[in-house]
Each structure stands twice: as structure tokens, then as C-alpha cells.
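Trainee: Can you read through this structure? Questions will come right after.
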Amino acid sequence: MRHTARRGPLRLLVLLAVLQAGCRMEPDDVLELEGVGKCGPRDLSPECCLKHNPGQWERCTGTSELARHAEQTARTASLAHKVIAAGTATTLAAQPLFINSAERRGSELASDLLAKIEQAVVKCVRQADQEVNDYHFHGGKPDRELCQQLKTGDRTTWAMYLGLFKHEKAWPCLREALDKLLPKKNYLLNPRFQLDERTGEWKYLDEAHVKELVATQGWKGLKGTIEPDLVLMDAQGFIMHVYDLKFPCPESNGAQWTWYTDEPWEDLSQGELYEHALGVTPLLVSPREGVQLNPK
């Protein structure tokens, strides 16, 4: 994705409380919203919030960048899933996390375990893709024309909108599968990393640090940070594998790394920066192509 900092920090806007209070209704309840249609029990939480607050992506998803990058990306994840996953993130933040270096390197995961993990990730991605398509298109798929059409506001296309909710649907599946395969929870969903300009080394930003940055500097405090979708670690906490989920719209586009257009990473691809920062070759995961290295 062409971006600088992509998503808001955990619980920063206390979004879960807002969504639960305003959007989760009993099965027979349907709320008629003046000018914005109905919000019923089948609505995904951020979608319901957007129906209450049209165009307010920062309030409903934790980031104002979604609309700004609507024409450039078909994926993002909202603050809502991060709040739901806060227990996992907080637990993992207390564990050591190391980036491989010339002096210290981690131990490769067993090949059979890695194969099972990647199979589970692909399954979750395909399931999320199918569920969201079924929800919006009753078993069909969006075509190229629809993907380019506006869905919300004046810049949010269907491609971006669907990417958001497909990521949302994938997180619970991924957490459940990974917790079974990695009982010590040697994984992170959506970890954020920042370059320490004093040392020239990348460091992991835990939830508390991200909240502090945004509280003191606003969203610009996250500029230049990176946030892959999934990181796997060995028993010592060394990063061994990095994955990014892609939901191309239409799917015939294929999964692609996108390019940064803003400083400080202008003219680098997302994959190139991840590899440089985290010391491992990142992989893409998409519904049609599964786990993919160096897409063309």
C-alpha cells in the first residue's frame, strides 16, 4: 500500500465502547438513520459506525488515512479489531522481540509447523474474502467497474472499503488458528515498528508507546512507521517470518506490493522496506494466490 503510517493505535479512541453502544443491536432491532439508511444486526461494527457518522473514518476506524489513500489501496485494518485483540497484543508486548542482525539471529521454525501456519493463514484470508463478498454481493464478486466506484464519502472506493472489512473478518480466524499452532503466542498481529534515527536501528513500538506518540504528536507522530499484518517469532522472540494480507479488487488484479510516495520512504516498495527493517523477506497472502513471494 502507498502510505506512511496506516492505522491508529489500540484503544486510542475507545472505539469499541462506541461501536458496542451505537451499533450492536438485538436480532430483531433495525435502526433507521436519517439520510444514511438502516443499521441492522448483520452490519459489521465499523460499517455501522460509518452509517451513523458518514465519512468519519478516523472516528470509526482509528485512522484518517483511509479516505486519503482510497484510490491507492485495497487494504487496511481498523481500530475496532485492535481493541478486540488488545488482550493478545498486551500479552505479547511483555515478551522479548528481536530483529535479526549479523551478531544475533533466531532459529528457523520447524518446516512442518510453518507449513501448517501458512495453510491456516491462507484459509482465514479466503474465508474472510468469501464472507464479505457473500455479505455484500450474495455470492458474487465485485467487478473492476464497481471496485473503482465510490462507496463512502468523496474518495473511498469499493476496493478500499472491501479491503477494510475483509481484514476485519480475518483477524478472529487468525487469532484462533495461531493460538492453537503457537501455544506460547509467538506471533504478533499488526505490530508497529519505527526507525530510531539516533542508532539507525528499527524498534518495536508497543501499545503504550503508540498511544503516547499519538497523544503528544497527533497522527503525524506515526509517520514513517511500518505495520505488517503478521509477524512470527521463534522461542527466543526473534522475528522469523513476516506476512502482509492483500485483498485485490477485482481479484484478477493479483496481489502486489505497493510503493511509498511520501518521505522518508519515497520510491521504496512496501516489501523492500519490510525486508530492510525487519531482516527477513516478507510474503504476501491473498485469497486467489495464497502465500506469495516477489509478485510480478
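Trainee: Restricting to DSSP loop positions (anything but H, G, I, E, B) with no more than 12 other Cβ atoms inside 10 Å of their own Cβ, which trypsin sites (Lys or Arg not before Pro) remain in the range 96-187? Write down the numbers at each step before the final one.
Mentor: On the way: sites: 104, 105, 116, 123, 126, 144, 151, 155, 166, 169, 175, 180, 184, 185; in loops: 104, 105, 155, 184, 185.
Within the range 96-187, the qualifying trypsin sites (Lys or Arg not before Pro) (loop, at most 12 other Cβ atoms within 10 Å) are 104, 184.
Trainee: Turning to a different aspect of this structure: Efficiency by 1/(1 + (r/R0)^6): what FRET value for residue 119 and residue 293, r their Cβ-Cβ distance, R0 = 22 Å, to the nearest 0.05? Mind dumping the intermediate values first?
Mentor: Numbers: r = 16 Å, r/R0 = 0.73.
So, using R0 = 22 Å, E works out to roughly 0.85.
Trainee: Arrange the residues 129, 154 by how much accessible surface each exposes, largest first, with a 1.4 angstrom probe. Present the calculation step by step, with values, prior to reporting the outcome.
Mentor: Working: 129 20, 154 120 Å².
In descending accessible area the options line up as 154, 129.
Trainee: Pairs to check: 151/185; 184/246; 180/246. Give those whose C-alpha atoms are more than 30 Å from each other in this structure. Present the calculation step by step, with values, prior to reporting the outcome.
Mentor: Details: 151/185 37 Å; 184/246 27 Å; 180/246 24 Å.
Over 30 Å apart, Cα to Cα: 151/185.
Trainee: Now a separate question. Loop-only check: which GluC sites (Glu not before Pro) in the range 193-269 are DSSP coil with at most 16 other Cβ within 10 angstrom? Write out the running numbers ahead of the final one.
Mentor: Numbers: sites: 197, 201, 207, 212, 251, 266; in loops: 197, 266.
Of the GluC sites (Glu not before Pro), the ones in loops of the range 193-269 whose Cβ has at most 16 other Cβ atoms within 10 Å are 197, 266.
The values are calculated or read from the model by the stated rules, or taken from the named source; none is laboratory data. Computed from a predicted structure; not experimentally measured. Here Cβ is always computed from backbone atoms with ideal geometry, including for glycine, and neighbour counts include all displayed protein chains. Just so you know, the surface numbers come from the protein's heavy atoms only, side chains and all, with ligands and any DNA or RNA stripped out. Shrake-Rupley method; radii C 1.70, N 1.55, O 1.52, S 1.80 Å.
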